[in-house]
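The values are calculated or read from the model by the stated rules, or taken from the named source; none is laboratory data. Because the structure is predicted, anything quoted here is derived from the model rather than measured. Cβ placement follows ideal geometry from the backbone for every residue including glycine, while neighbour counts extend to all protein chains displayed. Heavy atoms of the whole protein, side chains included, go into the accessibility calculation; ligands, DNA and RNA do not. Shrake-Rupley method; radii C 1.70, N 1.55, O 1.52, S 1.80 Å.
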Amino acid sequence: SPSPRSFERLLFGGDTSTSDAADESALDDCDNDVGALLAWSLHAADASLRSRLVPSASAPPQELAEALAKALQRRSPKRRRVLVEVVLIDGVNDQDRHADAIAELLDQTLHPACAADKSRKRTGVLVNLIPFNSVAGAGLKGDDSYRPPTRERVVAFQERLRSRGVWASVRAQRGDDESAACGQLATKSSRFKTKDDGVRESLQGKGESDPENMQSPASQERDYTSAFRVDSAAASLSPIPIEPIGFFESPYKERFGTPRQSTANPRFADPFAQSSRVGKIVLRRDLGLGDSLRSLSGFEYCWVISHMHLNTGWSPTIKPPRLDDEPRNRHGVFATRSPHRPAQLALSALRIVDVDEAELTVTVQGLDLLDGTPVLDIKPYLPYCDAYPNAKAGWVDDLGNRKDTQEPRGNGSAVL
């Protein structure tokens, strides 16, 4: 754990191996900011609780926070940023009182040092919440009962911090099923165990302790994706937490009346047509998206991934609207553009009308989504690799002249 003086050594190039007294004069004369972004493992604002979670802690959190704030104030305003790491453990440090204690500590120390100014619209302090990854035998002081909090508790902790004016995010968990996530020091296929006689034996197979059969470290390593591979036959898979980056302001308030395939209907695609209505993507200001729209105005179209949050239920097969007169002609949901899908995701190609970087908004045309639809991502449309005009379109090609340029129906999104 860092000493109070360690923060200045890290930020301004001092020798981290020397004592505080030996490095004092050198640091006082040093203005050489190394440009590093510090990540401080806080975990708890209460001194006694943090000493349990961080046994090597050399000073109480209040003293360390004050020292870090002092070090940050020596930097230029744009560099006064810090990442505060908090690993959440079920029933240990994940309650509202723990969030309140962290918020109070930051308000007294780091928030004033990293306050928002003309160069930054909000504080430079980000609290990164990390759900605990279970590791056998990793309980502190002989306690093996530590577990990750529920998703609901993590979100509640995050919202508690945000209600106190703390910028907080949740780190997505990956690889925990293979013991390869943060804090899990080995994967299932290559971890080592220690036998009673102290000999380390690889779980790769027999005979590897023989020097003649030993493999080099490089040959023992698996490829990058192996630790994160998902078993497609698994009975259940962990949900993927995705946080919306914003939402649509759309003129369409009801399912009926929302155009489908609006870009294929001249009435809605023509930018000069009176019926061509536009919508707006409004990005959230609490996610640090300040410069995320830079250069987007140079593109004519963009891809938008959104969550069709008002849809309920789905079917493995779909009867597209254009085939109402053919009751037996159903297609698999993944061979259609139906909004009623297992993951409830929508992909829209929209014309960019205006980009307001300051207001974090993108005005778009060709909208086929309802007002308030959550936006998950925005990507520029690239004609050279996104357009395949001569590609086969399966059963849609068999429709001949019945292209989907019909009037709006009640689908809430494009349907083929």
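I need the full set of residues from the stretch 50-77 which are among the basic types (Lys, Arg) and touching a residue at least 24 places away in the same chain (Cβ under 8 Å), in order please.
Of the residues in the stretch 50-77, the ones among the basic types (Lys, Arg) are 50, 52, 70, 74-75.
Correct list: Arg52, Lys70, Arg74, Arg75.
Among the residues of the stretch 354-368, how many are surrounded by fewer than 16 Cβ atoms within 10 Å (Cβ to Cβ) and not in a loop (DSSP other than H, G, I, E, B)?
Within the stretch 354-368, residues that are surrounded by fewer than 16 Cβ atoms within 10 Å (Cβ to Cβ) and not in a loop (DSSP other than H, G, I, E, B) number 2.
Filter the stretch 253-300 down to residues that are among the hydrophobic types (A, V, I, L, M, F, W, C) and under 17 Å from Tyr381 (Cα atoms) and give me whichever is modelled with the lowest pLDDT. Quick ask: steps written out before the conclusion?
As a first pass, look at the stretch 253-300 and keep what is among the hydrophobic types (A, V, I, L, M, F, W, C): 256, 264, 268-269, 272-273, 278, 281-283, 287, 289, 293, 296, 299.
Narrowing the set further to residues that are under 17 Å from Tyr381 (Cα atoms) leaves 264, 269, 281, 293, 296, 299.
Values: Ala264: 55, Ala269: 50, Ile281: 96, Leu293: 96, Leu296: 96, Phe299: 97.
Among them, the one singled out is Ala269.
So the check is Cβ under 6 Å with 6+ separation or different chains; which pairs have a first residue in the stretch 95-109 that's under 16 Å from Leu53 (Cβ atoms) and a second one that's surrounded by 17 or more Cβ atoms within 10 Å (Cβ to Cβ)?
Listed pairs, sorted by first residue: Ala99/Phe157; Ala99/Arg160; Ala99/Leu161; Ala101/Ala45; Ala101/Asp46; Ile102/Ala45; Leu105/Ala45; Leu105/Ala65.
Got a sec? Which helices (runs of 4 or more DSSP H) wholly within the stretch 15-95 have at least 3 residues that are modelled with pLDDT under 90 and open to solvent by 50 Å² or more (accessible area, probe 1.4 Å)? Even if it seems obvious, please write down each step before you answer.
Numbers: elements: 20-28, 47-53, 61-73.
Result: 20-28.
Here are some conditions: (1) modelled with pLDDT under 80; (2) part of a loop (DSSP other than H, G, I, E, B); (3) more than 21 Å from the chain's Cα centre (by Cα). Tyr146 meets all but one. Which one does it not meet?
Exception for Tyr146: condition (1).
Out of the stretch 302-318, which residues are closer than 29 Å to Leu382 by Cβ, open to solvent by 20 Å² or more (accessible area, probe 1.4 Å) and either of a type in the set (Phe, Trp, Tyr) or not in a loop (DSSP other than H, G, I, E, B) (or both)?
Trp303, Ile305, His307
Do we find a residue being under 26 Å from Val170 (Cβ atoms) and of a type in the set (A, V, I, L, M) anywhere in the stretch 26-35?
Here is the first cut: in the stretch 26-35, the residues under 26 Å from Val170 (Cβ atoms) are none.
Checking the stretch 26-35: not a single residue is under 26 Å from Val170 (Cβ atoms) and of a type in the set (A, V, I, L, M).
Thr317: of a type in the set (Ser, Thr, Tyr) and more than 22 Å from Val278 (Cα to Cα), yes or no? Even if it seems obvious, please write down each step before you answer.
On the way: of a type in the set (Ser, Thr, Tyr): yes; more than 22 Å from Val278 (Cα to Cα): yes.
So Thr317 fits the description; yes.
Checking the condition closer than 18 Å to Thr373 by Cβ, open to solvent by 50 Å² or more (accessible area, probe 1.4 Å) and among the aliphatic types (A, V, I, L, M), which residue from Leu283, Leu345, Leu287 passes? Working first, answer last.
Values: Leu283 fails: open to solvent by 50 Å² or more (accessible area, probe 1.4 Å); Leu287 fails: open to solvent by 50 Å² or more (accessible area, probe 1.4 Å).
Matching residue, one of Leu283, Leu345, Leu287: Leu345.
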